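Have a look at the structure below before the remarks.
The values are calculated or read from the model by the stated rules, or taken from the named source; none is laboratory data. All values derive from a computational prediction rather than experimental measurement. For neighbour counting, all protein chains shown are included, and Cβ atoms are generated from backbone atoms with ideal geometry for every residue, glycine included. These accessible areas exclude ligands, DNA and RNA; they are computed on the full protein's heavy atoms, side chains included. Shrake-Rupley method; radii C 1.70, N 1.55, O 1.52, S 1.80 Å.
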Amino acid sequence: MQISNFPVLQMHKSQTAMRASQKDFESAVNQMKLLTKDPGNEMKLKLYALYKQATEGPCNMPKPGMLDLISKAKWDAWSALGSLPKETAKQNYVELVSSLSSSASSSQGKPDADSKQPGYETLVVTSENGITKIMLNRPTKKNAITTQMYQEIMLALEAAAKDDSAITVLTGNGDYYCSGNDLNNFTDIPPGGVEEKAKNSAILLRDFVGCFIDFPKPLIAVVNGPAVGISVTLLGLFDIVYASDRATFHTPFSHLGQSPEGCSSYMFPKIMGSAKAAEMLIFGKKLTAREACAQGLVTEVFPDSTFQKEVWTRLKAYSKLPPNAMRISKQLIRNVEKEKLHAINSEESSVLQGRWLSDECTNAIMNFLSRKAKL
Ligand SMILES: CCCCCCCCCCC/C=C/C(=O)SCCNC(=O)CCNC(=O)[C@H](O)C(C)(C)COP(=O)(O)OP(=O)(O)OC[C@H]1O[C@@H](n2cnc3c(N)ncnc32)[C@H](O)[C@@H]1OP(=O)(O)O
């Protein structure tokens, strides 16, 4: 495919995605009214936001005051959808209602049927034995993170922070842990143009990383395979990182005309020293799991053949420790730096906002999407 014939930054996802008809949307709205089981507050907020986005477009309400908690939660959920096109919001709403209805009918008469939490399309979230597991679930795309997935991860973390589990785990389904930001996120350009997209994406990124900075319980990464981009940089905000010996750690930001995020510009030099951090963050050096462990980014490496068994045995034992003690210890370790981390997160997000508008970044994304170049 010719790059000149490939107007990446003008392409609109809703032109290619399967569309939900107005009839599908209306019938999903009616289906919601018939739902007998309360889907929970997180889900209701998500549905509310998608409904408003689908019917009215981007959030147009003035921001409610801090004390108006319910209106503020609704406003936050709607605004987080940024400039998501109405058609995509409609489609997402229809799919979400359909997943709710099917999980309601499949669990009828089986109260303890499944620990899998409903309502996530890009994740599998389970909660059992004191462990909430958030599994990235786009294995055919190497678990690349779409805009929807950023939002679902935030919702899953918010729910995990409040549930009765002792620890929370992030992992990937399939052979990859995660291939980082889904580069197709660059093609979904709203009518307001690429500047508006970059601005909303910087807000999304800041809020997304903010959830990791603020997460109150022990947070563990189970890195089941290669990790790229933001899935690597975030590791500095986890409390434990267990990796399979098949995992690699790659942050090709310069190759992509971009710059580090996830507080890695501060956490990586702190963890591994500035020279080793520079090799990764400026020059895109890919580390093996053992190298990442030697640098302090990974806590422990396990042979791939026994990885899942060894890690989950260990985590089950940790999850039986007194949860309040673990939470308080984590807060003692992390709280001193929280304010600083939020400031670094804001700065990194704002620098990236500028990078996304640069020719260096545009050309790199076009190369990937047109398959003319692979990292
Ligand atoms: C205007 C601005 C809007 C921006 C919005 C951004 C919001 C926040 C951004 C936060 C900043 C984050 C930065 C990063 O994470 S940078 C890192 C980005 N990731 C990459 O550069 C990796 C790209 N992928 C690859 O290099 C290879 O796919 C990989 C080495 C991961 C695997 O190679 P392999 O040959 O084994 O497999 P395939 O390439 O065939 O992959 C299988 C299918 O998966 C698709 N894929 C994989 N990774 C991605 C990805 N990151 N984005 C989109 N798609 C991905 C790949 O295309 C294949 O799909 P098909 O089978 O359909 O061809």
Answer yes or no as to whether Lys320 is open to solvent by 80 Å² or more (accessible area, probe 1.4 Å) and closer than 25 Å to Gly225 by Cα. no
Pull out all pairs, ordered by first then second residue, where Cβ-Cβ is under 6 Å, the residues are six or more apart or on different chains, the first lies in region 70-86 and is under 11 Å from Glu56 (Cα atoms) and surrounded by fewer than 18 Cβ atoms within 10 Å (Cβ to Cβ), and the second is modelled with pLDDT of 90 or more and not charged (D, E, K, R). Lys86/Ala54; Lys86/Gly57
Output yes when any residue across region 129-138 is surrounded by 21 or more Cβ atoms within 10 Å (Cβ to Cβ) and hydroxyl-bearing (Ser, Thr, Tyr), and no when none is. yes
Going through region 266-281 in order, the residues found to be open to solvent by 10 Å² or more (accessible area, probe 1.4 Å), within 16 Å of the ligand (Cβ to nearest atom) and either in contact with a Lys or Arg (Cβ under 6 Å, 6 or more places away or on another chain) or within 22 Å of Ile365 (Cα to Cα) (or both) are Leu281
Of all residues making up region 348-375, the number that are open to solvent by 80 Å² or more (accessible area, probe 1.4 Å) and either touching a strand residue (DSSP E or B) at 6+ places or on another chain (Cβ under 7 Å) or in contact (Cβ under 8 Å) with a residue 40 or more places away in the chain (or both): 6
Checked pairs for region 238-252, first among the aliphatic types (A, V, I, L, M), second within 12 Å of the ligand (Cβ to nearest atom), C-beta under 8 Å and 6 or more apart or across chains, list as Ala247/Tyr177; Ala247/Gly225; Ala247/Pro226; Ala247/Ala227
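Let's see how each residue does on (1) surrounded by fewer than 16 Cβ atoms within 10 Å (Cβ to Cβ); (2) out of contact with any Cys (no Cβ under 9 Å at 6 or more places or on another chain); (3) of a type in the set (A, V, I, L, M):
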| position | (1), (2), (3) |
| --- | --- |
| Val301 | no, no, yes |
| Phe307 | no, yes, no |
| Trp312 | no, yes, no |
| Lys316 | yes, yes, no |
| Gln331 | yes, yes, no |
| Lys338 | yes, yes, no |
